[in-house]
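The values are calculated or read from the model by the stated rules, or taken from the named source; none is laboratory data. Because the structure is predicted, anything quoted here is derived from the model rather than measured. Positions of Cβ are generated from backbone atoms using ideal geometry, with glycine treated the same way; all protein chains shown enter the neighbour counts.
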Amino acid sequence: MRKGRHTLLLYLTCLGWLLATLFPFYWLFSLSLKTAKQAFTDPPLFLFTPTFQHYRDLFVNTEFPRFLGNSILVALGTVACSLGVGVPAAYAFSRWAFRGRSVALAWILMMRMVPGMTYVIPFFIIYRGLGLLDTRLGLIILYTIFNLALTVWSMHTFFDEMPRSLEEAAYVDGASIAQAFWRIVLPLTAPGLIATAVLCFLFSWNEFLFALVITRNASRTAPLAIVNFMAEEGTEWGRVASGAILILIPVLLFSALVRRYLVKGLLAGAVKG
């Protein structure tokens with residue numbers, strides 16, 4: 001009986017945590033389906049006739065689709081550049097001992113330790129001189145710089161845990177360093193690679209501060225577009241809620257597609273033996 005009570009208490013605790021976690025998402029989604037009058041009724045309406053007018057307004061009467069496309073292009077471009085530069089760099093740090101390796105790794109990590117606000121003005125001045133203000137390329141370069149620390153350090157750990165005997169066997173069979181890296185190392189570190197890609201995607205997808213300073217209108221991202229619905233005349237809560245739901249959907253889909261590899265990548269190295 002005591003074990004049954006403990007199990008029941010555990011289930012109730014998990015259920016309470018689940019409700020507390022999901023209720024804000026439910027409220028946001030229901031707000032996106034309510035009219036302006038229904039959204040502010042007291043007491044709140046839990047049963048109502050849903051309307052998709054706010055979603056139609058976003059795609060017909062605003063530039064939100066273009067801003068959402070900017071976010072997708074910038075996020076995917078950042079992931080590609082971060083992995084393309086960071087993964088080979090992490091492999092080099094893991095496999096070759098050279099003077100100053102620890103110092104270089106520490107300097108790379110410093111990019112994520114310093115608050116982002118510190119870099120805003122220097123990057124703005126540099127971008128203005130290079131003509132990269134309000135460009136998607138400028139955002140991709142900026143996000144890649146900050147994602148490199150995450151990529152190098154996370155993948156460096158995965159490469160360290162992989163036995164070098166696999167690569168040495170490939171060298172004996174005549175494979176080059178590049179061939180061993182592409183055909184043996186990368187496939188075996190796929191969970192870590194996917195976990196790192198997801199984290200890089202989330203950082204660039206949700207980033208707000210640098211996009212606020214660096215962009216104007218041409219390369220504005222979706223998080224900034226939602227802020228435009230909040231003005232002194234009033235906040236268009238229906239558009240805010242529907243825009244937030246649309247921003248959530250790619251993240252949920254992306255995470256759901258790779259969740260099996262994501263869990264493996266995040267837990268890799270947690271248990272040894």
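Looking at PHE64, is it touching a residue at least 40 places away in the same chain (Cβ under 8 Å), more than 30 Å from THR135 (Cβ to Cβ) and aromatic (Phe, Trp, Tyr)? No, not satisfied. Tallying residues that are in a helix (DSSP H, G or I) and in contact (Cβ under 8 Å) with a residue 24 or more places away in the chain within the stretch 1-41 yields 7. Each residue in the stretch 93-112 was checked for being farther than 25 Å from PHE208 by Cβ and either of a type in the set (Ser, Thr, Tyr) or loosely packed, with under 14 Cβ neighbours inside 10 Å (or both), and 11 of them qualify. As a summary of the residue check, TYR55 satisfies the conditions (1) closer than 24 Å to ASN228 by Cα; (2) in contact with an Asp or Glu (Cβ under 9 Å, 6 or more places away or on another chain); (3) hydroxyl-bearing (Ser, Thr, Tyr) except for the one numbered (2). Filtered by the rule that a residue be within 16 Å of the chain's Cα centre (by Cα) and without any contact (Cβ under 8 Å) to a residue 60 or more places away in the chain, the stretch 180-213 gives LEU199, LEU202, ASN206, PHE208. One residue is enough: does the stretch 151-169 have a residue meeting the conditions touching a Leu at 6+ places or on another chain (Cβ under 9 Å), within 16 Å of VAL87 (Cβ to Cβ) and modelled with pLDDT of 90 or more? The answer is yes, given that some residue of the stretch 151-169 is touching a Leu at 6+ places or on another chain (Cβ under 9 Å), within 16 Å of VAL87 (Cβ to Cβ) and modelled with pLDDT of 90 or more. Picking from residues in the stretch 223-267 that are charged (D, E, K, R) and at pLDDT below 85, the one that is nearest to LEU150 (Cα to Cα) is LYS264. Within the stretch 112-157, being polar (S, T, N, Q) and within 18 Å of the chain's Cα centre (by Cα) holds for THR144, ASN147, THR151, SER154. When you check SER219 against the structure, is it in a helix (DSSP H, G or I) and of a type outside the set (Phe, Trp, Tyr), yes or no? In short, no.
Could you say which residue among PRO115, PRO65, PRO50 is modelled with pLDDT of 90 or more and either crowded, with 19+ Cβ neighbours inside 10 Å or over 30 Å from ALA190 (Cβ atoms) (or both)? Only one candidate qualifies: PRO65. Comparison of ALA75, ALA89 shows that the only residue that is closer than 30 Å to LEU253 by Cβ and in contact with a His (Cβ under 9 Å, 6 or more places away or on another chain) is ALA89. Scanning the stretch 197-212 for residues that are part of a helix (DSSP H, G or I) and under 13 Å from ASN70 (Cα atoms), we see that the one that is modelled with the lowest pLDDT is ASN206. Evaluated against (1) closer than 25 Å to SER94 by Cβ; (2) modelled with pLDDT of 90 or more; (3) of a type outside the set (D, E, K, R), THR135 falls short on exactly one condition, (1).
Based on what the data block shows, is MET110 touching a Ser or Thr at 6+ places or on another chain (Cβ under 9 Å) and not acidic (Asp, Glu)? Against the criterion (touching a Ser or Thr at 6+ places or on another chain (Cβ under 9 Å) and not acidic (Asp, Glu)), MET110 does not qualify.
Check whether at least one residue in the stretch 113-135 is charged (D, E, K, R) and either free of Cβ contacts under 8 Å to residues at least 24 places away in the same chain or closer than 30 Å to ASN217 by Cα (or both), and report yes or no. Looking for residues that are charged (D, E, K, R) and either free of Cβ contacts under 8 Å to residues at least 24 places away in the same chain or closer than 30 Å to ASN217 by Cα (or both), one finds at least one in the stretch 113-135, hence yes.
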